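Worksheet for the structure shown next.
The values are calculated or read from the model by the stated rules, or taken from the named source; none is laboratory data. Note that this is a predicted model, so its numbers are computed, not measured. Counting neighbours? That spans all protein chains shown, and the Cβs are built from the backbone with ideal geometry, glycine included.
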Amino acid sequence: MQSKVIAILETRTGARLAELIARSGAIPLLAPALEEVPDVEPDAVASLLARWRINPFKIVIFQTGVGTRALFQAADSAGLTRELLEAVGSSMVVVRGPKPVGELHARGVRIDIRAATPFTTETVLEALSEVPMQGAWVLVQRYGAANRQLREALEARGAGVLEIATYRWAVPADTQPLQDLLQALARSSVDAVVFTSAVQIHNLYAVAEKFGRVSDLTGQLNRVIIASIGPVCSRALRERGIAPSFEADPPKLGPLMAGLGRLLSADR
């Protein structure tokens with residue numbers, strides 16, 4: 001990886017990734033591609049619990065750590081934490097991946113079902129495949145955008161689904177790092193791009209379109225090594241016509257960096 005330029009679009013763990021890349025002798029190009037904006041008000045928690053008293057949720061699905069935290073923080077602000085914990089405790093609690101687990105354990109919440117790796121919508125549905133759904137109400141903690149696939153699959157089995165938005169994904173207020181990345185790609189001065197979420201891809205294209213660079217972006221990305229964190233990310237890349245060079249398995253930073261190192265070492 002010596003002297004290779006590696007672009008990182010991750011926000012929360014971007015600095016950590018950059019440090020790992022720098023330690024390997026490569027040059028990190030940090031270009032955060034999304035901003036997580038809290039999007040749940042205390043009043044929304046009060047409305048949710050009022051609705052819960054009338055039509056209790058049989059199942060609650062927590063999809064992300066940051067969203068789980070935001071929901072409970074909003075409940076804290078409204079003085080409704082105890083009631084939320086009691087309501088959640090009376091339901092079947094399902095987690096999509098490891099990140100919500102820590103947040104729920106910190107609140108003393110029992111977890112009934114954990115989706116298997118690679119922690120996709122498909123593995124959530126597989127984990128719920130033996131759970132009766134007809135007539136059941138399911139609460140889904142939204143992960144920045146509506147999960148249409150999950151909703152439609154549960155509704156097809158006879159469930160009612162309510163999604164609660166706890167945060168939303170936005171293009172960062174400061175897009176200069178993304179503009180710098182687009183310019184570097186145009187100059188062919190990037191060796192690899194690391195994608196850790198599907199939203200990063202969407203936002204990169206949104207910024208490219210805004211600054212008149214979208215027409216060449218797919219071709220430029222296909223000329224470099226593309227590291228994908230997992231199947232959801234890879235699917236979003238392919239929808240844009242981009243072929244991932246490899247996909248981390250399991251979808252974690254360790255396997256992602258190991259795979260990237262192997263490819264860059266071979267690309268000398």
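Is it the case that some residue within segment 123-137 is exposed (fewer than 14 other Cβ atoms within 10 Å of the Cβ) and of a type in the set (A, V, I, L, M)?
no
Anything in segment 41-76 that is assigned to a loop (DSSP other than H, G, I, E, B) and either among the polar types (S, T, N, Q) or buried (at least 21 other Cβ atoms within 10 Å of the Cβ) (or both)? List them, or say none.
Within segment 41-76, Asn55, Phe57, Gln63, Thr64 qualify.
Return a yes/no flag: does segment 221-243 have any residue that is of a type in the set (Asp, Glu), more than 13 Å from the chain's Cα centre (by Cα), modelled with pLDDT under 95 and under 22 Å from Leu125 (Cβ atoms).
No, because not a single residue in segment 221-243 is of a type in the set (Asp, Glu), more than 13 Å from the chain's Cα centre (by Cα), modelled with pLDDT under 95 and under 22 Å from Leu125 (Cβ atoms).
Residue-by-condition table, conditions (1) of a type outside the set (A, V, I, L, M, F, W, C); (2) more than 29 Å from Val45 (Cα to Cα); (3) touching a Lys or Arg at 6+ places or on another chain (Cβ under 9 Å):
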residue	(1), (2), (3)
Ala165	no, no, yes
Arg168	yes, no, yes
Gln176	yes, yes, no
Leu181	no, yes, no
Ala184	no, yes, no
Arg187	yes, yes, no
Ala192	no, yes, yes
Ala198	no, no, yes
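Here are some residues: Ile242, Ile226. Which one is farther than 16 Å from Met257 by Cα, in the same structural domain as Gln2 (by TED's automatic domain parsing) and crowded, with 19+ Cβ neighbours inside 10 Å?
Ile242
Mind listing whichever residues of segment 77-99 are modelled with pLDDT of 95 or more, of a type outside the set (S, T, N, Q) and part of a helix (DSSP H, G or I)?
Matches in segment 77-99: Arg82, Glu83, Leu84, Leu85, Glu86, Ala87, Val88, Gly89.
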